[in-house]
Amino acid sequence: MTGRPTDHRNINLRQLNLDIIHGKSGGRVLWQPRIICWYDDRQFNHVPLPEPYTGLDVRGLYEALGCSNRIYDYNCAFTKHYDPSIKMSSERLDPLRVKHTIETPVGSVYEIIKANTSNGGQYQEKWYIEEEEDMKVMIYVEENSWYTYSQEAYDRTYALWGDNGEGSFYFPRVTVQSLFNDTCGVSNGIFALMDFPDTCEEYFKVKNAKEREFIKLINTTPFQWVNFGDNVHCGTLPPNLFEKYVLPVYQERNELLHAGGKYTFAHWDGDTRNILKYAKETGLNGIEAITPEPQGDVTIDQIKQALGDEVDLIDGIPAILFNEEYPLKDLEYTTKKLLDLFAGHLVLGISDEMSSAGDINRVRFVGDLVDDHNASL
């Protein structure tokens, strides 16, 4: 199963991307699957791509498949800078572990990052923030940091990807999601919220102020759609934490970014049932990676009920349906249902990335279904 030949060369995928986010697609849908994890795992393990894709780089793979990439390579256009009083250093502890240290006038903190042996992924073995004094150091770091933008880096990325899709980047994670994913970890983060809430509030206040400055910079750039890469998951972010720490910041961020003409969408993967009810309140234009059953905890109908026509769906096909143990008819049914319910408000993709076990031919199969849908309009 490779899909029938289709000439995609005359399709400007970037323009279709823009038409959808600006509500001008006329019901057409963009197929924008994230397959770079699948690709990178093969590169890491020196496994050649299957025919007819053998030898292609990732850009060539997307071109051969006739689909668009969610191009987060544009993150390189922004650089975070720190005051000279902040010293950062790295030390390799062993072949898999690296220690990153931050020294400031108010103290020092460090994390230990451990690599995998089976793929290029890494994870925190030790987090920067474990005690209240660690958070005070990170407050100093945030207070004495700022962002710059490089048009040259933007242009360099465009030269690589061209009109394969509209460039995007992911904004720093919001409040508790940053705490859980970037600096503290979930367990330590929960204890921090309970044991030293005032310091947590100060930390969030400083981060939010710096991110408002960042938004002013973003609004001067060519970017048209901005991602909040929050990795929201109800197992770690229940409604009470969402209402207190996330919802008001989302609303403020979106108001500021919309004033600059930006389209905003947030990454909600994992289980989302308990917070989908807030989708329309957030001010987001779209939500990325909501994962329906059998992988997630919501149905496609529940997603549609929560988003309506006010919030676009970005992605929507459970990643596991690209694995061969799931019948192809399940993938076809899910794809057609998403097209039927969300067309005009849909950038179709994989929620959230195809795994190493996925069948790349199924990516082309979905592309053919999307082509049929668009041709019918």
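The values are calculated or read from the model by the stated rules, or taken from the named source; none is laboratory data. Everything numeric here is computed off the predicted structure, so don't read it as measured data. Glycine gets a Cβ as well: all are built from the backbone with ideal geometry, and neighbour counts include every protein chain shown. Quick note on the areas: whole protein, heavy atoms, side chains included, nothing else; ligands and nucleic acids left out. Shrake-Rupley method; radii C 1.70, N 1.55, O 1.52, S 1.80 Å.
Quick notes
- Within the chain, percent of DSSP bridges classed antiparallel, to nearest 5: 55
- Euclidean distance of C-alpha centroids, the range 309-377 and the range 68-90, integer Å: 32
- Helix-only arithmetic for the chain: the sum of -39500 (n - 2.57) across DSSP H runs with n ≥ 4, divided by the residue total, places the mean residue ellipticity at 222 nm at -11000 deg cm²/dmol.
- Reciprocal mean inverse distance between Cα atoms of the range 125-274 - Kirkwood radius, Å: 16.6
- Apportionment of accessible area to carbon and sulfur, the range 78-208, percent (1.4 Å): 49
- Projected over all directions and averaged, the alpha-carbon convex hull of the chain occupies 18.6 nm².
- In this structure the range 278-341 gives 40 Å² per residue of accessible area when probed at 1.4 Å with all protein chains present.
- Counting 0.36 nm for each residue step from N274 to N323 and taking away their Cα separation leaves a gain of 14.9 nm.
- Placing dummy labels 7 Å off each Cα toward the beta-carbon, the span from Y53 to K337 is 2.6 nm.
- Given charges at Cβ of Lys, Arg, Asp, Glu: the chain dipole, positive-most of W268, L30, Y203: L30
- Computed about its Cα centre, the charge dipole of the chain is approximately 700 debye, with only Lys, Arg, Asp and Glu carrying charge at their Cβ.
- With the highest mean first, a sort of the peptides 127-134, 198-205, 340-347 on other beta-carbon atoms found within 10 angstrom per residue produces 340-347, 127-134, 198-205.
- Model label points for F44 and S150, set 7 angstrom from Cα along the Cα-to-Cβ axis, are 2.5 nm apart.
- Violating pairs (Cα-Cα greater than 18 angstrom) within the set K244/K277; K99/K210; K205/K244; K99/K207: K99/K210; K99/K207
- Solvent-accessible area per residue for the range 48-160 (1.4 angstrom probe, square angstrom): 53
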